[in-house]
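Asks: Have a look at the structure that comes next, please.
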Amino acid sequence: MTFTSLEFIGFLPLCFLLYWYVFKKNAGMQNVFLVVASLVFYAWSSLFFLALLIFSAIFNFYLGIGIFSARNQNRKRLFLWLGVLINLLPLLCFKYFIPFFTSGPGFFGDVFAGGLMLPLGISFYTFQMLGYIIDIYNEEIEAEKNILPFAVYVCFFPKIIAGPIEPAQDFLPQVKVKRVFNYDLAVEGLRQIIWGLFVKIVIANNCASLAGPLFSNYMKFNGSTLFLGAFLYLFQVYCDFSGYSNIAVGVSKLFGIRLMRNFSAPFFSTNISEYWRKWHISLTLWMVKYIFTPLSFLLRKYKKAGLIISILVTFLLVGLWHGANWTFIVFGALHGLYFIPLLIFGKRRSLFTKGESGFSFNRILKMIALFLIVMLTCIFFGSDTLSHSLGYLEKIFSPSIFSPLQFSKPDKVKAFIMVGFICCLLIVEWLQQNRKYELQLDAIKNPYLRRSIYYALVLAILFFGSVNHIEFIYAHF
Amino acid sequence: MEKNEIIERAKKVIAGVLKHEVKWEDSLTAADIDGWDSLSHMIIISEVEEEFGIKFKLKELNKLDRLGSLIDLIQSKVL
């Protein structure tokens, strides 16, 4: 079951009604309901791996208590490393070892064919659990003593498939108390769901149907078509994942629980550091806290060289986190490399800047340059092999970049409409940069105008939405 | 060492890294200071360690939540 499936259209209202009308008595009942609903949601898509999720919840619950109550530092450290190992083992097996050993023909290749063997959401809940036990070890949080709120933290269905990777200190306090229905929060949630559905079903799915064939048969197309394909693919990935994240945050708000924002208009960034603070924010924060900071602390006496090594390692892991493919590793490594000029040549003040604001020619130029770099790097992300990515790039950087587009007439019209929708998306994001979410329209005082915008989005979903590519890309990570 | 002396020396170190003066308030957090982010953080920490001839533990750094707590930590180590 995904957020855009027919089953979910029945599942969500049913859960909403049961939660607020039947199981509303106290926090315990609310949590029992959320755990059961989440397990049903998970089992619907991935019954085979439900046991692994339940094991992860129970194991980390007791491990957290073990680390917290261990009498001495050595014992704490032992529990921590044991926990890290046991949490990483299924992730390494299912995501890296099995695909590696089954890439060729043979028994395992047949059994595990089709990528069916990746437990749903494993990369997300594993990282969340690692963060939890490391925070207990570092005495930043206490271990949760009640298994019910903890089980909600691990299994909560809006975030189980693809995050956000939520820190325990933000999530647990919300589910340890009784939640009271908050109309404004629920409406906020609905707005985010509408926006998420719009960008996923209208932009991401249509871009996928245009960009997909270009990536599969890049050798048949000229540079200009492939350039547009790369542009559409970047927006496919962005709208797919930011759309998912908006729906996740929105659905969660319907149950009175706030999740962190995962994207914040990344394409208006003027440097790579700012970009990563706005793209997949929960993963960036996790990587900074648990990989980059400890590593740069260890290497701090080497000053900038230490920082460069720490960044490269962090981004190699960001790439590897996406899967066992050289394309992801190169994708991560390139993003790491883009930080180096910033670290070596940038003036200190601008080097560490939070990014520019306002509307200036200089800022627009930097934004476009960064966008192009990110877009071309995303070709590695979307390709099956390295040679495929390099072949794609080679064609873009050939004289055929100046040739007319090789789209069929219907595809040309579709591409034109998609570019129009992407422009609308960028205008909304630009205007709403400093808001909590894209459809926070409280600056528009006229209620009819606000409602017209919501209806326009719903109509766009109905008329331009595509039900192909209904799966979310990050559900496979 | 007096707290005021620590603040003055720390201010100089931070200004050296960020290339601008910080208007000091104990309650300021890194997010309030222009340029103090995860990239510049360890350079500042390393410069502070050298300035005061001390060594921090990562656990101690994770608990720092404002400039005042950095000064308290330095003071506890230079005593």
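The values are calculated or read from the model by the stated rules, or taken from the named source; none is laboratory data. All of these numbers come straight from a predicted model, not from anything done at the bench. Virtual Cβ from ideal backbone geometry, glycine too; neighbours counted across all protein chains shown.
Asks: Give the residue that is farthest from the other protein chains (Cβ to nearest Cβ), with candidates limited to residues of region A:313-347 that are β-branched (Val, Ile, Thr) and under 28 Å from A:PHE94 (Cβ atoms).
Replies: Checking each candidate, the answer is A:THR327.
Asks: Report whether or not B:VAL22 is more than 7 Å from chain A (Cβ to nearest Cβ), among the hydrophobic types (A, V, I, L, M, F, W, C) and assigned to a helix (DSSP H, G or I).
Replies: No: the conditions fail for B:VAL22.
Asks: Going through region B:1-19 one residue at a time, which ones are assigned to a helix (DSSP H, G or I) and acidic (Asp, Glu)? Please lay out each step first, then the result.
Replies: Step one: filter region B:1-19 for residues assigned to a helix (DSSP H, G or I), giving B:3-18.
Scanning region B:1-19 gives B:GLU5, B:GLU8.
Asks: Then there's this: Would you check if there is a residue in region B:29-38 being facing chain A (nearest Cβ under 8 Å), assigned to a helix (DSSP H, G or I), without any contact (Cβ under 8 Å) to a residue 24 or more places away in the chain and under 21 Å from A:GLU274 (Cβ atoms)?
Replies: For region B:29-38, residues facing chain A (nearest Cβ under 8 Å), assigned to a helix (DSSP H, G or I), without any contact (Cβ under 8 Å) to a residue 24 or more places away in the chain and under 21 Å from A:GLU274 (Cβ atoms): present.
Asks: Can I ask one more? So for region B:59-70 (the condition being in contact with a helix residue (DSSP H, G or I) (Cβ under 8 Å, 6 or more places away or on another chain) and over 29 Å from A:ASN271 (Cβ atoms)), does at least one residue qualify?
Replies: There is at least one residue in region B:59-70 that is in contact with a helix residue (DSSP H, G or I) (Cβ under 8 Å, 6 or more places away or on another chain) and over 29 Å from A:ASN271 (Cβ atoms).
Asks: Testing A:LYS253 on (1) surrounded by fewer than 24 Cβ atoms within 10 Å (Cβ to Cβ); (2) basic (Lys, Arg); (3) in contact (Cβ under 8 Å) with a residue 24 or more places away in the chain, one condition comes back false. Which one is that?
Replies: (1)
Asks: When the residues of region A:105-148 are narrowed to those that are in contact with an Asp or Glu (Cβ under 8 Å, 6 or more places away or on another chain) and not polar (S, T, N, Q), which ends up modelled with the lowest pLDDT? I'd like the intermediate steps shown before the answer.
Replies: Applying the first criterion (in contact with an Asp or Glu (Cβ under 8 Å, 6 or more places away or on another chain)) to region A:105-148 yields A:128, A:136, A:141.
Applying the additional criterion that residues be not polar (S, T, N, Q) yields A:136, A:141.
On the way: A:ILE136: 94, A:ILE141: 91.
Among those residues, the one meeting the criterion is A:ILE141.
Asks: What's the total number of residues in region A:36-51 that are more than 22 Å from the chain's Cα centre (by Cα) and crowded, with 17+ Cβ neighbours inside 10 Å? Before the answer, list the steps.
Replies: Filtering region A:36-51 for residues more than 22 Å from the chain's Cα centre (by Cα) gives A:36-37, A:40, A:47-48, A:51.
Keeping just the survivors that are crowded, with 17+ Cβ neighbours inside 10 Å gives A:37.
Residues meeting the conditions: 1.
Asks: Just for region A:288-312: of the residues that are within 15 Å of A:GLY332 (Cβ to Cβ) and either of a type in the set (Ser, Thr, Tyr) or facing chain B (nearest Cβ under 9 Å) (or both), which one is surrounded by the fewest Cβ atoms within 10 Å (Cβ to Cβ)?
Replies: Of everything passing the filter in region A:288-312, A:VAL288 is surrounded by the fewest Cβ atoms within 10 Å (Cβ to Cβ).
Asks: Sort out which residues of region B:46-79 are within 20 Å of A:GLU140 (Cα to Cα), within 13 Å of chain A (Cβ to nearest Cβ) and surrounded by 15 or more Cβ atoms within 10 Å (Cβ to Cβ), and write them in order of number.
Replies: Within region B:46-79, B:PHE56, B:LEU61, B:ASN62, B:LEU64 qualify.
Conditions tested, residue by residue: (1) of a type in the set (Phe, Trp, Tyr); (2) part of a helix (DSSP H, G or I); (3) closer than 24 Å to A:SER123 by Cβ.
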residue: A:THR2; (1), (2), (3): no, no, yes
residue: A:TRP20; (1), (2), (3): yes, yes, no
residue: A:LYS25; (1), (2), (3): no, no, no
residue: A:ASN31; (1), (2), (3): no, yes, no
residue: A:ALA37; (1), (2), (3): no, yes, yes
residue: A:ALA43; (1), (2), (3): no, yes, yes
residue: A:LEU47; (1), (2), (3): no, yes, yes
residue: A:LEU52; (1), (2), (3): no, yes, yes
residue: A:ILE58; (1), (2), (3): no, yes, yes
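Per-residue answers, yes or no, for (1) buried (at least 19 other Cβ atoms within 10 Å of the Cβ); (2) not hydroxyl-bearing (Ser, Thr, Tyr); (3) not in a helix (DSSP H, G or I):
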position	(1), (2), (3)
A:ALA369	no, yes, no
A:LEU372	no, yes, no
A:PHE381	yes, yes, no
A:SER389	yes, no, no
A:TYR392	yes, no, no
A:PRO404	no, yes, yes
A:ASP411	no, yes, no
A:PHE416	no, yes, no
A:CYS424	no, yes, no
